[in-house]
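Before any comments, here is the structure.
The values are calculated or read from the model by the stated rules, or taken from the named source; none is laboratory data. The structure displayed is predicted, hence computed values, not measured ones. Cβ sites come from the backbone with ideal geometry, for glycine too, and all protein chains shown count toward neighbours. Heads up: the accessible areas ignore ligands, DNA and RNA and are worked out on the full protein's heavy atoms, side chains in. Shrake-Rupley method; radii C 1.70, N 1.55, O 1.52, S 1.80 Å.
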Amino acid sequence: MSARLPVLSPPRWPRLLLLSLLLLGAVPGPRRSGAFYLPGLAPVNFCDEEKKSDECKAEIELFVNRLDSVESVLPYEYTAFDFCQASEGKRPSENLGQVLFGERIEPSPYKFTFNKKETCKLVCTKTYHTEKAEDKQKLEFLKKSMLLNYQHHWIVDNMPVTWCYDVEDGQRFCNPGFPIGCYITDKGHAKDACVISSDFHERDTFYIFNHVDIKIYYHVVETGSMGARLVAAKLEPKSFKHTHIDKPDCSGPPMDISNKASGEIKIAYTYSVSFEEDDKIRWASRWDYILESMPHTHIQWFSIMNSLVIVLFLSGMVAMIMLRTLHKDIARYNQMDSTEDAQEEFGWKLVHGDIFRPPRKGMLLSVFLGSGTQILIMTFVTLFFACLGFLSPANRGALMTCAVVLWVLLGTPAGYVAARFYKSFGGEKWKTNVLLTSFLCPGSHQMYYMFGFLFLVFIILVITCSEATILLCYFHLCAEDYHWQWRSFLTSGFTAVYFLIYAVHYFFSKLQITGTASTILYFGYTMIMVLIFFLFTGTIGFFACFWFVTKIYSVVKVD
């Protein structure tokens, strides 16, 4: 089974930073028990029903999020399906990041009482008459969703409810979602989750997961009187064709729906819930159990170590050039005092009169640099906040909200950089420059947890792009080629081409996306990411080469 980011005057900076933090929800909330928490991330205490109070809840609500699939980029709201709906309940408010990420959190009819075990409890029953057009349409939509392996995403106490199962080599994979159902082809091949049980064997048949076994883990607060806190929630989807729908016992064969079924079809949705105390998991680190779904972290460490070796190699070459070759060049050039010697200039000093000549298409280059600066600073600050824990996945939508707010605030340095370089290139169409800088880069989804890895890779990328561009820039200058502006931008910006090639390869070799709309969306998002990556890396290369050129020509005596 396939398992499935101008220098402001000092008095204004603190106010802008404070405004940003307020918008991001990063300002500490009210203190409780000698600690502070981010808004929306304070722990909730639960206790038995007879002990419930304003400070300790007994009812545990389960929320449902939008459903998605790796075989289709199109997500659907929970209410688009004919599942059991909540009779009442307040929908949680969503922030900007959640809206942009497509999250649609809804209340569900699944409600539990803390520490109260339930077995095969009926939620609702859905009846379909295949003779009725409306029922047939609902049933066909359900079948299509199972065929495309759409996944539920449930939330308990702001934690994703995960489905853990064994995979090859004795490893265990935890997925923050579980499928609606699965399908056995007309040739008898089990698709997706149908491989988990030999009971799923009927050909050309759908099996719907209409029952879930939920286990909620908690630990008792040290004081005892404050109740307990939830630290994990896991489930196991199952399929039952309930013999007595009014009084289900969760036994018997799986709930099968033949592709050619006709007449009346009844589907009863049930659940079982149990609670288990676990003192080993602390509330502050309860999201760590998501890492069980990432057994490949050692591979990431290997890749990072490999990248660090390359960085050290490039650093050694740059150091050799800066400390040996350049030192000798500068010393030799500065010793040429006579007119005869000056007439025999060679190497990179020979182009000192042309090195800052405006490049062709200076307007486009300045716009690229402005947008690239905006992306560079936004990425750095966002990852920095993420590493500090402000943008934890527990704070839903914070990552996207942070990126959007920073993107807006960083329009000022982007405009400054674009205008400054455009003016230095001798440009006069400043209005066009402003408009292009504003509209060039569009300013979208899986849960990401290891921001430390990502920030380290970001630093490695910046160093690699800078050093590689400086090396090539020096070689071209030694060849008496002074056209360095566009070349430095394109040298590191060409990394986006590798990104595009890998995205295409990943689409055909790993993904199982089907449908024209999903394919267009995938490559549309990919091209946006390629453009952003091109501007991001190109800007790094340009500024690295700009610093290098300015540095070496500032220490050479020129008549």
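Among the residues of segment 218-266, those that are out of contact with any Ser or Thr (no Cβ under 7 Å at 6 or more places or on another chain), open to solvent by 70 Å² or more (accessible area, probe 1.4 Å) and either part of a strand (DSSP E or B) or of a type in the set (D, E, K, R) (or both) comprise Glu222, Glu236, Lys241, Asp246, Lys247, Asp249, Lys260. Taking every residue in segment 169-197 that is farther than 22 Å from Phe81 by Cβ and pairing it with any residue that is buried (at least 18 other Cβ atoms within 10 Å of the Cβ), at least 6 positions away or on another chain, the pairs with Cβ-Cβ distances below 6 Å are Phe173/Ser293; Cys174/Thr162; Cys174/Ser293; Ala190/Ile184.
Can you list residue pairs whose Cβ atoms sit under 7 Å apart, with the first residue in segment 66-81 being over 19 Å from Pro92 (Cβ atoms) and the second being open to solvent by 50 Å² or more (accessible area, probe 1.4 Å) and not in a helix (DSSP H, G or I)? Count only pairs 6 or more apart in sequence or on different chains. Every condition considered, the pairs that remain are Val70/Arg4; Val70/Gln512; Glu71/Gln512; Glu71/Thr514; Ser72/Thr514. Does Tyr128 satisfy the condition of being more than 23 Å from the chain's Cα centre (by Cα), at pLDDT below 85 and assigned to a strand (DSSP E or B)? Spelling it out, it is not the case that Tyr128 is more than 23 Å from the chain's Cα centre (by Cα), at pLDDT below 85 and assigned to a strand (DSSP E or B). Of all positions in segment 344-363, at least one carries a residue that is at pLDDT 80 or above, part of a helix (DSSP H, G or I) and in contact with a Leu (Cβ under 8 Å, 6 or more places away or on another chain).
Contact map, segment 89-110: first residue at positive phi and open to solvent by 40 Å² or more (accessible area, probe 1.4 Å), second residue modelled with pLDDT of 70 or more and polar (S, T, N, Q), Cβ cut-off under 9 Å, separation 6 or more or different chains; pairs are Gly89/Ser108. Being in contact with an Asp or Glu (Cβ under 9 Å, 6 or more places away or on another chain), of a type in the set (A, V, I, L, M) and open to solvent by less than 80 Å² (accessible area, probe 1.4 Å) holds for only one residue in Leu142, Leu62, and it is Leu142. When you check Phe390 against the structure, is it at pLDDT below 85 and either open to solvent by 20 Å² or more (accessible area, probe 1.4 Å) or touching a Cys at 6+ places or on another chain (Cβ under 8 Å) (or both), yes or no? Answer is yes for this residue.
The set of residues from segment 152-190 being open to solvent by 10 Å² or more (accessible area, probe 1.4 Å) and touching an Asp or Glu at 6+ places or on another chain (Cβ under 6 Å) comprises Arg172, Asp186.
Taking the criterion of being under 18 Å from Ser307 (Cβ atoms) and loosely packed, with under 13 Cβ neighbours inside 10 Å, the residues of segment 461-517 that qualify are Tyr498, Tyr502. Within segment 393-410, the set of residues being surrounded by 16 or more Cβ atoms within 10 Å (Cβ to Cβ) and either modelled with pLDDT of 80 or more or assigned to a helix (DSSP H, G or I) (or both) comprises Ala398, Leu399, Met400, Thr401, Cys402, Ala403, Val404, Val405, Leu406, Trp407, Leu409, Leu410. Candidates in segment 439-460 are the residues that are open to solvent by 40 Å² or more (accessible area, probe 1.4 Å) and closer than 16 Å to Ile304 by Cα; of these, the one that is modelled with the lowest pLDDT is Gly452.
Between Met159, Met146, the distinction of being among the aliphatic types (A, V, I, L, M) and under 17 Å from Tyr78 (Cα atoms) belongs to Met146 only.
In this entry, Phe385 is excluded by the filter for residues that are aromatic (Phe, Trp, Tyr) and either at pLDDT below 70 or open to solvent by 40 Å² or more (accessible area, probe 1.4 Å) (or both).
Answer yes or no as to whether Ile552 is crowded, with 18+ Cβ neighbours inside 10 Å and of a type in the set (Val, Ile, Thr). When the stated conditions are applied, Ile552 passes them.
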